[in-house]
Amino acid sequence: MSELPNPTPPSFEELKQVNSHGAEFWSARALQPLLGYDQWRRFEQAIKRAQDACRESGNEPTDHFAGAGKMVPLGSGSERQLADFHLSRFACYLIAINGDPRKPEIALAQQYFVVQARRQEVNDQLAADKERLQIRKQTAEEFKALSGAAQQAGVNGRMFGVFHDAGYKGLYGGIGNAQIKQRKGIPGKEQLLDRMNATELAANQFRMTQTRDKLAREGVHGDQQAIRTHESVGKEVRDAIRRIGGTLPENIPPAEHIKKVEKRLKTAKPKWTLDERDAHGLRGGEEPTSEEPSRLGEHDERRALYPSIFPRRTRSSGRPLHHDPNTPPHYCAARVGQRTRAMHQLRDRCHLFCHAGLPYPVSVATTRCYGR
């Protein structure tokens, strides 16, 4: 009797659920085997790293990672609660990119999220900075390679400067390195490549690669022939830019110095800009309902009924605009750090709320007056 084939595991989209807010979510327990994790302990570590990445990206982890217990039956007939998380799409993405890269399932998940049209994007400015810095590094390497090819073609000594200047003259309409700096207002001591934006850098990098290939392909030998070859390639690139309607390089304004860009990338934390739907995560973008009043609305409503308990707030600092003379001062003066006094105040306030028939609205850990 032939064995039955193994059932196909569900896909990521098939595991999707929808909560009461209309927001899509995934169960971490259901996602665990799909990402190749046999042990929940290991998978939970990946979730913790993803939560840290969520916080560092400028988003609130609680909007994307919600703790959810899951009851499972035991052999004795009883049930036991297993830890679980409800995860937004963004949370699943973060888990994938913070997972174990040695797992093929993680590699497939990373590829899946990259090709999704709704993938999260980093801040546009940081992306542009990274692109420019990367092209600048590539251009520096290409400049060295071109110099090596020119040396093999017979360019030596002081003719190296003339050789490289010929490429600029071809691409920039007859003006060399010094004239380009003067035209763009770049100080003479700065390197021209350090003040080019990504588009201008790419044009010059293309000029260098094509010149290097042409020198080798045609077996160019002699400094004068190499110089003419470099200038002719620069002219061809310039003509191509003109034909496609691009901005000629001499008309591109100078960019910020590349060292400032590099410094900004080292110090800046990337911010992930989510669209409105994804930014709300598991809340689904809905406003708080009457069953879930906002803290500010609840405070204002109770202050209208019990003004002596709930002093008015200011708009900026949240401190009371006035103090009701009928309220003992210590009810509005509890401060974290003054432990003995604060605990006495907390006890008195609990009694006050109990007599008023109100649930106590502040956690014990804060020990602050609700109106502060």
(message) If I model a spin label at residue 232 and residue 191 as a point 7 Å from the Cα along the Cα→Cβ vector, what separation in nanometres do I get?
(response) 3.0 nm
(request) Go through 185, 219, 171 and say which Cα lies farthest out towards the positive end of the charge dipole of the stretch 132-235; charges sit on Cβ, +1 for Lys and Arg, -1 for Asp and Glu. (result) 185
(request) For the stretch 148-220, just run the numbers: alpha carbon Rg, then divide by 2.2 N^0.38 Å, N being how many residues it has. (result) 1.16
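Which length gain, in nm to one decimal place, applies between residue 38 and residue 243 when the Cα-Cα distance is subtracted from 0.36 nm times their residue separation? Walk me through the intermediate numbers first.
Values: separation 205, 0.36 × 205 = 73.80 nm, distance 5.78 nm.
My answer for the length gained is 68.0 nm.
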(request) Kindly state, to the nearest 0.05, the FRET efficiency for residue 13 paired with residue 266, given R0 = 30 Å and r defined as their beta-carbon distance. (result) 0.20
(message) Quick check for you: which residues of the stretch 123-144 have the amide N under 14 Å from the point 7 Å beyond the Cα of residue 216 toward its beta carbon?
(response) 142-144
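Measure up 103/263; 144/263; 169/260; 184/263; 214/260 against 30 Å on the Cα-Cα distance and list the ones that go over. It would help to have the intermediate numbers written out before the result.
Working: 103/263 34 Å; 144/263 24 Å; 169/260 28 Å; 184/263 23 Å; 214/260 35 Å.
Listed pairs above 30 Å: 103/263; 214/260.
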(request) Using only Cα positions of the stretch 61-180, each an equal point scatterer, no hydration layer, compute I(q)/I(0) via Debye at q = 0.10, 0.18 Å⁻¹ and quote the log10 values to two decimals. (result) -0.64, -1.06
(message) Explain nothing, just compute: Karplus ³J(HN,Hα) = 6.51 cos²θ - 1.76 cosθ + 1.60, θ = phi - 60°, for every residue of the stretch 243-257 in order, whole Hz, x for Gly and Pro.
(response) 5, 8, x, x, 7, 5, x, 5, 9, 7, x, x, 8, 4, 4
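Every number here is computed from the coordinates shown, using simple stated rules; none is lab data. Treat the numbers as computed from the prediction; the structure is a model and nothing was measured. Cβ sites come from the backbone with ideal geometry, for glycine too, and all protein chains shown count toward neighbours.
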